[in-house]
Amino acid sequence: MTDKPFQNNKVSSEELEKLYEESFKRIEEGGIVTGQIIGVFPNGVVVDVGYKSEGTIPISEFSSEELKAVKPGDSIEVFIEEREDTEGNILLSKEKADRRKIWEKMDELYKLGKPVSGKITGKVKGGLNVDIGIKAFLPGSQIDVRPIKDLDRMVGQICNVKIIKMDQKRGNVVVSRRATIEEQIKKMREQTLEALEEGQLLDGYVKNITDYGVFVDLGGIDGLLHITDISWGRIGHPSEVFKIGEKISVKVLKYDQETGRVSLGYKQKTPDPWITVDDKYPINSRLQGKIVSITDYGAFVLIEDGVEGLIHISDMSWSGEVKHPSRVVSVGETITAAVLNLDKQNRKISLGLKQIEPNPWEVIESRYQPGTVIEGKVRNLTEFGAFVGLEEGIDGLIHVSDMSWLKHIKHPSEMLKKGQKVSAIVLKIDKEKQRISLGMKQLAGDPWSKEIPEKYPVGSVAKGKVVRITDFGIFVELEEGVEGLIHVSESGVEPPVRAEDVLKAGEEVTAKVVKIDLADKKIALSIKEHNKDRERAEVAEYMENQGGGGGITLGEAARKITQD
């Protein structure tokens, strides 16, 4: 490139040389100067930097958009690569000038601690690359105040960062996004704390959910919304109501300036529904609700938000036969119930299902008077009797002792089975205890009142089978359901001989009826008296056959019979 001509021909060569020397001193390799664009050529952009020769910036350092905007006369800052090459040309660089300016700006921001905006360009080992005008490294620990698992989703985002370390010689810059976030949080915290008052309503974001409550970000400060302050009603877990990241409105319940703890409330935004429950749900009134929970002892009913009542299993049916509440109601079902009791202080409402219907026991006496014959099916068998269904909610009991006059029944299953249709007579009604006593044997007359005394009168001879032998006597079955007792003293067996040595179970015996106890339904028998009667009869017969006895006594006749 040729030397630059001067327009003023009056300047002497000595003065011109002096001017070049002064310009030469101002231009140093590695420095940045401001020049004026002379023109754009295929091999580069020519710039006048005030030296005897123009400088050239390689065309490759300009983008197509920049080239379109470049025009002669524009000022431009350039970096001096070389003051002169062998041909006397000055080599310039726009990129290095731009980079130098950026480094100088970054150095200033670094020293001042001010943030800089950058774009996350990619994920690298240990963190992210950020373009802040120069390439910078954002370590994983400096990305956020909390760990971020998915770094890929951050690529392409614009964010503010702080330079925490830089080495221009090596071209290393380390930045922190976390530092700017912490600074923002600090400012927000200060602003929030200045305005924080108990009873104040604030908007916040659900930050974390635990078993015992929800942490809410109020703006630089976290508050705890305890599970008991979420709803006036029952909830199993806070996640049933809230989700992480959700915006919610909460009330400040308590603020401890010393510890910085903030207690929040959600349910407190609305009045406590229990304040007016006694007016809205008086005792004996009826209400509608939804079954929300079922336990072994009853069912919980949602009456309104924050108000629940309990239907105890005993208040589900007049019959009292409910084995489990799930057999009567189901979760989600809407029911009508009666208010039985209200404990406002302990937040309890007792409800009843059966109270919606008339109590059948109120009219039971008029429908089932003693002596009334009924028919029903056996609903249940127990060791002591059988329950017979008379109508819905009403059962009667046939006690095992009222099943037969004569048969000795050890268990009701000997006479009845479940589901069997039976007839019985009403014996007694106890409305207070809700019990009806029934009898089967009373349908027929008591054989002990007439038949048995007539069949086995005192002094008569009875035959039967030995059923068991005890220390005090021998039990003899005269017929089904009728037993007699031969006391050991009436067995005709004298010690040392025992009754079991002479008699065995199943053996037939003949005895005399010596006593009948109608009240206790017992018959006393005597083999001894029967033997005596037999002897007397034989003696009398012998004496009659001897023509009146021939002058001998009864004792002699008896001895005579024995000898014969």
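The values are calculated or read from the model by the stated rules, or taken from the named source; none is laboratory data. All figures in this text were calculated on a predicted structure; none of them were measured in a lab. Backbone-built Cβ (ideal geometry, glycine too); neighbour counts: all protein chains shown.
Please verify whether the range 72-84 includes one or more residues that are buried (at least 17 other Cβ atoms within 10 Å of the Cβ), in contact with a Lys or Arg (Cβ under 7 Å, 6 or more places away or on another chain) and assigned to a loop (DSSP other than H, G, I, E, B). Taking every residue of the range 72-84 in turn, none turns out to be buried (at least 17 other Cβ atoms within 10 Å of the Cβ), in contact with a Lys or Arg (Cβ under 7 Å, 6 or more places away or on another chain) and assigned to a loop (DSSP other than H, G, I, E, B). Considering only residues that are over 23 Å from Glu304 (Cβ atoms) and surrounded by fewer than 16 Cβ atoms within 10 Å (Cβ to Cβ), which ones fall in the range 240-275? Answer for the range 240-275, where residues must be over 23 Å from Glu304 (Cβ atoms) and surrounded by fewer than 16 Cβ atoms within 10 Å (Cβ to Cβ): Lys243, Ile244, Gly245, Glu246, Lys247, Lys254, Asp256, Gln257, Glu258, Thr259, Gly260, Arg261. Of all residues in the range 298-329, those satisfying the criterion of being touching a Pro at 6+ places or on another chain (Cβ under 8 Å) and either of a type in the set (Phe, Trp, Tyr) or in contact (Cβ under 8 Å) with a residue 24 or more places away in the chain (or both) are Gly298, Ala299, Glu304, Asp305, Gly306, Val307, Ile311, Met316, Trp318. Of the strands (runs of 3 or more DSSP E) contained entirely in the range 466-562, not one carries at least 1 residues that are touching a helix residue (DSSP H, G or I) at 6+ places or on another chain (Cβ under 7 Å), modelled with pLDDT of 90 or more and more than 27 Å from Pro453 (Cβ to Cβ).
For the range 264-279, does any single residue satisfy the condition of being without any contact (Cβ under 8 Å) to a residue 40 or more places away in the chain, under 27 Å from Val216 (Cα atoms) and assigned to a strand (DSSP E or B)? No, there is no match, as no residue in the range 264-279 is without any contact (Cβ under 8 Å) to a residue 40 or more places away in the chain, under 27 Å from Val216 (Cα atoms) and assigned to a strand (DSSP E or B). For the range 209-239, the tally of residues that are of a type in the set (D, E, K, R) and either closer than 17 Å to Glu308 by Cβ or in the same structural domain as Val292 (by TED's automatic domain parsing) (or both) stands at 1. Name the residues in the range 196-244 that are among the β-branched types (Val, Ile, Thr) and over 16 Å from the mean Cα position of the chain (by Cα), would you? The answer is Val206, Ile209, Val214, Val216, Ile221, Ile230, Ile244.
Restricting attention to the range 330-342, does a residue exist that is part of a loop (DSSP other than H, G, I, E, B) and out of contact with any strand residue (DSSP E or B) (no Cβ under 8 Å at 6 or more places or on another chain)? Lay out the reasoning, then the answer.
Of all residues in the range 330-342, those part of a loop (DSSP other than H, G, I, E, B) come to 330-333.
So of that shortlist, the ones also out of contact with any strand residue (DSSP E or B) (no Cβ under 8 Å at 6 or more places or on another chain) come out as none.
No: the range 330-342 contains no residue that is part of a loop (DSSP other than H, G, I, E, B) and out of contact with any strand residue (DSSP E or B) (no Cβ under 8 Å at 6 or more places or on another chain).
Picking from Leu397, Leu416, which residue would you name as being in a strand (DSSP E or B), at pLDDT 90 or above and not acidic (Asp, Glu)? None of the others qualify; the one that does is Leu397.
Within the range 240-263, track down each residue that is aromatic (Phe, Trp, Tyr) and either part of a loop (DSSP other than H, G, I, E, B) or in the same structural domain as Val307 (by TED's automatic domain parsing) (or both).
Step one: list which residues in the range 240-263 are aromatic (Phe, Trp, Tyr), which gives 242, 255.
If the condition is that a residue be aromatic (Phe, Trp, Tyr) and either part of a loop (DSSP other than H, G, I, E, B) or in the same structural domain as Val307 (by TED's automatic domain parsing) (or both), then Phe242 is the only one that fits.
Within the range 298-315, the only residue that satisfies the criterion of being in contact with a helix residue (DSSP H, G or I) (Cβ under 6 Å, 6 or more places away or on another chain) and part of a loop (DSSP other than H, G, I, E, B) is Gly306.
The set of residues in the range 386-408 that are farther than 29 Å from Glu357 by Cα and either in contact (Cβ under 8 Å) with a residue 12 or more places away in the chain or of a type in the set (Lys, Arg) (or both) comprises His399, Val400, Asp402, Met403, Ser404, Trp405, Leu406, Lys407, His408.
Yes/no per residue for (1) surrounded by 18 or more Cβ atoms within 10 Å (Cβ to Cβ); (2) among the hydroxyl-bearing types (Ser, Thr, Tyr); (3) not in a helix (DSSP H, G or I):
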site	(1), (2), (3)
Ser117	no, yes, yes
Gly133	no, no, yes
Met166	yes, no, yes
Gly204	yes, no, yes
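In the set (1) outside any helix (DSSP H, G or I); (2) among the hydrophobic types (A, V, I, L, M, F, W, C); (3) at pLDDT below 85, Ala97 fails one condition alone, (1). Only residues that are of a type in the set (Val, Ile, Thr), farther than 19 Å from Arg435 by Cα and surrounded by 14 or more Cβ atoms within 10 Å (Cβ to Cβ) were counted in the range 320-372, giving 5.
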